[in-house]
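The values are calculated or read from the model by the stated rules, or taken from the named source; none is laboratory data. Every value quoted in this text rests on a predicted model; they were computed, and no experiment measured them. Because the Cβ atoms are built from the backbone with ideal geometry, glycine has one as well, and the counts that use them run over all protein chains shown. Accessible surface areas use protein heavy atoms only, side chains included; no ligands, DNA or RNA. Shrake-Rupley method; radii C 1.70, N 1.55, O 1.52, S 1.80 Å.
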Amino acid sequence: MRRAMALLWRVELGRCGPVSRNLARLARRLLPVRGIVSITHTIMGHPSGPVRVCTTVAGGRFVLDLRQGLHRAIYADVFGVGLRNLVLPLIRRDDLVVDVGANIGYWTVLTGRRGAEVIALEPVAAATMMLAENVAANRLADRVRIVQAAVTDHVGEIEISVPGDGELGEASVFVERGGTTATVGATTLDELIGDRRVRLLKIDVE
């Protein structure tokens, strides 16, 4: 069974195909539960190796690694749908958006595509690389400033830890047993923004 599932993931069929996306969306609508990552995990499973896919969500192009729970939720288009529908119509061209904890750039891409100027902060190197890849895929390099740093109360450095399961979106300043640690840059919102007017400040950090 394990070999069969690995094959399905490798050829991007079955559980990581359009059927699974539609099942995840249906479950999100019908089940009054919290935790979209758990829904996509149940329906799509968890690949044992890298599964890189490129998909379009709300007009934005995203390169994803379906080992990551957040990426599976984005792939199934069940991540932040209600908030997306509320927020994006409020974003105008040349608005300033600050995306703290940008991860692979979900909000960075979607607001950048509406013409906003985006400052995207992400401390985890692997996530920052995919963030840059997604910014480039959407031709937003002239509208997005990527800052590989954590936002805290001082300018300098800070130690962060990625959990042992490799979920990049759960990196934290609290060191987990079995996780990996790294020293990253640290900055403050005052240092980044100064007295500029911010249209949207999104903070999603651990």
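Below are the figures for this structure:
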quantity: In region 78-177, trypsin sites (Lys or Arg not before Pro) in a DSSP loop with at most 10 other beta-carbon atoms within 10 Å; calculated: ARG92, ARG93, ARG177
quantity: Unit charges at the beta carbon, dipole of region 116-206: most positive-side option, LEU201, PHE174, ILE160; calculated: LEU201
quantity: Rel. contact order, % - alpha carbon contacts under 8 angstrom, at least six apart, region 84-206; calculated: 27
quantity: Euclidean distance between Cα centres, region 190-204 to region 65-127, Å; calculated: 15
quantity: Percent carbon-and-sulfur accessible area, region 95-188, ignoring ligands, DNA and RNA, probe 1.4 Å; calculated: 49
quantity: Per residue accessible area of region 92-206, 1.4 Å probe, in Å²; calculated: 53
